[in-house]
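Working notes, beginning with the structure itself.
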Amino acid sequence: MATQETKQLDEIISSRRAMMLMGGTALASIMLSGKAQAATLTDNDVLNFALNLEYLEAQFYNLAAFGVTIDKLTTPIPVAVNGGTAGNVTLKPAFTKVPFSNPLISAYAAETAVEEGKHVTFLQSALGSSAVSMPKLDLYNSFNTLANAAGIGPAFDPFASDAFFLIGAYIFEDVGVTAYHGAAGAIQSKATLGAAAGILAVEAYHAGLIRTAINALDAGSGTLAGLTQKISATRSKLANPSGTPVDDIGLTTVNVSLNASSGSFAATTFVDADANSIAFSRTPAQILSIVTGGATNNQGVFFPAGLNGTIK
Amino acid sequence: MEKVNELIRKAVSRRTFLAGAGTAAATLLAGCSSTSSGGGGGTTPPPGITDNDILNFALNLEYLEAEFYLYAATGKGLSSADAGTGAGTTTVPGSIAAVPWGTSGFAQYANEIAQDEVNHVRFIQKAITSNGGTPVARPNIDLTFFAPLAVAAGITTTPTFNPFLSPQAFLIGAFVFEDVGVTAYHGAAGLLTNATILGAAAGILGVEAYHAAAIRTLLVGTAAQANDQTYVKIANQVSALRGTLGGGNETTLTTGSIVAADTTNAIAFSRTTDQVLHIVYGAAGGAGLTKGGFFPNGLNGKITATAS
């Protein structure tokens, strides 16, 4: 256990060093090595990329908490904008919202649903006439495919229970953090950067909340924590097909040394961060790989027809 | 509809701000008006303030956080190597020892956060050195300030609050810091010029938000389990005090509102260095404040005095 953790940390440390050595050039080339071949990404390209991800998150949480897509809320959030056509959302047959039994988890779902909806509205507003419509989304086959890939089983329904909802949420939140973190360096406008940093923080609040809730519900059994480790490993592999670096850490217990030269204080990894305790960062190409399940044409899993906008 | 109009108004004012960026920055410098929440980062550093000055500002805050969590986790503070040459002293409550965690299960959270904050201290020290600067040593820190802070917040009538005495009190102590860290890094993001440093700061911002969320979730979760909202109420009294000292930028913690963010757009709050200084010095009152509260001799570095 300790050996495995040490090895993983070593990998992270060495990858971090490698990344710092390569510096900006490497990051820029990684960014442009995906399907996003635009010579120069504008702030609007980056914001539209974020908008696609926010559509996905907003639909997931609003369906989980309220049982409807965001365009069917009492105060609807438009999904077709600027004369565009919105894709549909694929759901399981006879879909209903999560049958929450724990009022705390129900409240978390509702809060997150509202906040992700506000992110959609904010980005649409910030982008104005440049905003893209919602692409086709899949919240049914996607989870089954990912579960299979992660070795969780042939099927996974995040709308089935409190625990499964939290695991479904887990799939998204840390990814949101790494996406905004990776995008920060590509944003030109200081005001846009400030807003993106503020959304990054909220995604990290959500991620911290979800991890803390999963840890509480797991209550030391390791069942749910084990699922988070499988999901984190899968995300890391999709973002880094060669297997290194490892840029994702699931819920587990590690030993930390704190203020001693060596020590064994047990810590819960409720923070998804590197060996310097800095949140991981991913390029748009890496994010695309995660949300489309590594499909070569970047069409698959959550985005069966790809994303809308320049970065796709 | 009201909300949409508000958003449009905000978007328009943002464009106006962008158009007049230089002027707006000049106004900030001259008048030091408080910034609006939400957008954040749209400011320009005062002349002569470098990335290293901002990193050193952050380093002071990380020393404070690291000391708090290390004492909570181990009963001891930073090693002399981590505190830096010429480090100040840290004042702690008498008979300090690790928090008696009992069956709370919070120790593993405290240990994780403590290690993160130590890592932040070490990382920022190295980042400043790599960037050709000199990291400041730990300033004098006073961890007994929680007691008068609790009186100022209306939590107690006498200065007796000690965050190291129980798991619940620890959550309140942690609550005092984490959201402030988020707003401080958010505010700093717009001031940094070096893209690599900005990327690191954004990553630390993310980690502070993970911490803040865990503390807030534990507070409401524990309260629900025990059917006792006492510590949530106390946290909100702390929040109200931070709001008074730090230009608002707070939301009430409830079961249905864990994230601290602007309710119009769900974007985390942002604070200027002045607003952060007022909070950690524990005093309102405009320009010229140079020390107090958690930092009895002030911060080390260039950003130490409030300009507004």
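The values are calculated or read from the model by the stated rules, or taken from the named source; none is laboratory data. Remember, it's a predicted structure, so these values are computed and weren't measured experimentally. All Cβ positions, even for glycine, are placed from backbone atoms using ideal geometry, and neighbour counts span all protein chains on display.
Could we say that B:Thr44 is surrounded by fewer than 24 Cβ atoms within 10 Å (Cβ to Cβ), within 14 Å of another protein chain (Cβ to nearest Cβ) and at pLDDT below 95 here? The answer is yes for B:Thr44. Taking residues in region B:242-258 that are closer than 26 Å to B:Phe294 by Cα and more than 11 Å from chain A (Cβ to nearest Cβ), and partners anywhere that are part of a loop (DSSP other than H, G, I, E, B) and among the acidic types (Asp, Glu), the pairs with Cβ atoms closer than 6 Å and at least 6 places apart or on different chains are B:Arg242/B:Glu250; B:Gly243/B:Glu250.
Restricting attention to region B:259-274, the residues that are in a loop (DSSP other than H, G, I, E, B), buried (at least 24 other Cβ atoms within 10 Å of the Cβ) and either of a type in the set (D, E, K, R) or within 8 Å of chain A (Cβ to nearest Cβ) (or both) add up to 7.
Contact map, region A:157-173: first residue more than 17 Å from A:Asn144 (Cβ to Cβ), second residue acidic (Asp, Glu), Cβ cut-off under 8 Å, separation 6 or more or different chains; pairs are A:Glu173/A:Glu203. Restricting the first member to region A:266-285 and to residues that are more than 21 Å from A:Asp43 (Cα to Cα) and within 7 Å of chain B (Cβ to nearest Cβ), and the second to residues that are basic (Lys, Arg) and buried (at least 24 other Cβ atoms within 10 Å of the Cβ), the beta-carbon pairs closer than 6 Å and six or more apart or on different chains are A:Phe270/A:Arg211.
For region A:69-109, taking the residues that are without any contact (Cβ under 8 Å) to a residue 12 or more places away in the chain and assigned to a loop (DSSP other than H, G, I, E, B), the one that is farthest from the chain's Cα centre (by Cα) is identified as A:Gly83. For B:Thr160, state whether it is of a type in the set (Ser, Thr, Tyr), under 19 Å from B:Tyr71 (Cα atoms) and at pLDDT 95 or above. Taking the combined requirement at face value, the residue satisfies it. Which one is surrounded by the fewest Cβ atoms within 10 Å (Cβ to Cβ), of the residues in region A:231-264 that are under 24 Å from A:Thr145 (Cα atoms) and among the polar types (S, T, N, Q)? Of everything passing the filter in region A:231-264, A:Ser242 is surrounded by the fewest Cβ atoms within 10 Å (Cβ to Cβ). Here B:Gly77 clears all of (1) within 14 Å of chain A (Cβ to nearest Cβ); (2) part of a helix (DSSP H, G or I) except the condition numbered (2).
Quick grid of which residues meet (1) touching a Lys or Arg at 6+ places or on another chain (Cβ under 8 Å); (2) within 19 Å of A:Phe156 (Cα to Cα):
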{"position": "A:Thr223", "(1), (2)": "no, yes"}
{"position": "A:Gly226", "(1), (2)": "no, yes"}
{"position": "A:Gly243", "(1), (2)": "yes, no"}
{"position": "A:Thr253", "(1), (2)": "no, no"}
{"position": "A:Val256", "(1), (2)": "no, no"}
{"position": "A:Arg282", "(1), (2)": "no, no"}
{"position": "A:Gly300", "(1), (2)": "no, yes"}
{"position": "A:Pro304", "(1), (2)": "yes, yes"}
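Would you pick out the residues in region B:87-115 that are β-branched (Val, Ile, Thr) and either touching a Gly at 6+ places or on another chain (Cβ under 8 Å) or modelled with pLDDT under 95 (or both)? Matches in region B:87-115: B:Thr90, B:Val92, B:Ile96, B:Thr103. Tell me, yes or no, whether region B:108-119 has at least one residue that is over 30 Å from B:Leu198 (Cβ atoms) and within 14 Å of another protein chain (Cβ to nearest Cβ). Checked region B:108-119: at least one residue is over 30 Å from B:Leu198 (Cβ atoms) and within 14 Å of another protein chain (Cβ to nearest Cβ).
Scanning region A:276-311 for residues that are buried (at least 24 other Cβ atoms within 10 Å of the Cβ), more than 25 Å from B:Gly206 (Cα to Cα) and in contact with a Phe, Trp or Tyr (Cβ under 9 Å, 6 or more places away or on another chain) turns up just one, A:Leu307.
Conditions tested, residue by residue: (1) touching a Lys or Arg at 6+ places or on another chain (Cβ under 8 Å); (2) among the polar types (S, T, N, Q).
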position: B:Asn119; (1), (2): no, yes
position: B:Thr134; (1), (2): no, yes
position: B:Leu165; (1), (2): no, no
position: B:Ile172; (1), (2): no, no
position: B:His186; (1), (2): yes, no
position: B:Leu192; (1), (2): no, no
position: B:Ala212; (1), (2): no, no
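Selection of first residues in region A:179-192 that are over 21 Å from A:Asp248 (Cβ atoms) and of second residues that are of a type in the set (D, E, K, R), restricted to Cβ pairs under 6 Å at least 6 apart or on distinct chains, gives the following pairs, ordered by first then second residue: A:Ile187/A:Asp43; A:Gln188/A:Asp43; A:Ser189/A:Asp43; A:Ala191/B:Arg14; A:Thr192/A:Asp43.
Annotation: of all residues in region A:233-258 being within 14 Å of another protein chain (Cβ to nearest Cβ) and either on the phi > 0 side of the Ramachandran plot or β-branched (Val, Ile, Thr) (or both), the one that is farthest from the chain's Cα centre (by Cα) is A:Leu258.
Checking each residue in region A:158-174 for being surrounded by fewer than 21 Cβ atoms within 10 Å (Cβ to Cβ) and of a type outside the set (S, T, N, Q) picks out A:Ala160, A:Asp162, A:Ala163, A:Phe164.
Could you say whether any residue in region B:186-198 is of a type in the set (Ser, Thr, Tyr), touching a residue at least 60 places away in the same chain (Cβ under 8 Å) and facing chain A (nearest Cβ under 9 Å)? Checked region B:186-198: no residue is of a type in the set (Ser, Thr, Tyr), touching a residue at least 60 places away in the same chain (Cβ under 8 Å) and facing chain A (nearest Cβ under 9 Å). Every listed requirement among (1) modelled with pLDDT of 95 or more; (2) farther than 18 Å from B:Thr252 by Cα is met by B:Ala212 save one, (2).
Yes/no matrix, rows are residues, columns are (1) part of a helix (DSSP H, G or I); (2) within 14 Å of another protein chain (Cβ to nearest Cβ):
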residue: A:Ile214; (1), (2): yes, yes
residue: A:Leu217; (1), (2): yes, yes
residue: A:Ile231; (1), (2): yes, no
residue: A:Ala260; (1), (2): no, yes
residue: A:Gly294; (1), (2): no, no
residue: A:Lys312; (1), (2): no, no
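With the structure loaded, tell me whether B:Ala66 is among the hydrophobic types (A, V, I, L, M, F, W, C), without any contact (Cβ under 8 Å) to a residue 40 or more places away in the chain and either more than 25 Å from B:Thr160 (Cα to Cα) or surrounded by 20 or more Cβ atoms within 10 Å (Cβ to Cβ) (or both) or whether it fails that test. No; evaluated as a whole, the condition is false for this residue.
Quick check on A:Leu200: is it of a type in the set (A, V, I, L, M), assigned to a helix (DSSP H, G or I), touching a helix residue (DSSP H, G or I) at 6+ places or on another chain (Cβ under 6 Å) and more than 19 Å from A:Ile105 (Cβ to Cβ)? The answer is yes for A:Leu200. When A:Ser101 is tested against the conditions (1) away from every other protein chain (no Cβ under 14 Å); (2) surrounded by fewer than 20 Cβ atoms within 10 Å (Cβ to Cβ), the lone failure is (1). It is to be established whether one or more residues within region B:273-294 are hydroxyl-bearing (Ser, Thr, Tyr) and touching a residue at least 40 places away in the same chain (Cβ under 8 Å). Yes, that holds for at least one residue. For region A:155-191, the set of residues classified as of a type in the set (Val, Ile, Thr) and at pLDDT below 95 consists of A:Ile187 only. When A:Thr212 is tested against (1) more than 28 Å from B:Ala224 (Cβ to Cβ); (2) surrounded by 24 or more Cβ atoms within 10 Å (Cβ to Cβ); (3) polar (S, T, N, Q), only condition (1) is not met.
Take the conditions at the interface with chain B (Cβ under 8 Å from one of its Cβ atoms) and either surrounded by fewer than 24 Cβ atoms within 10 Å (Cβ to Cβ) or in contact with a Leu (Cβ under 7 Å, 6 or more places away or on another chain) (or both) and apply them to A:Ala197. Does it pass? Taking the combined requirement at face value, the residue satisfies it.
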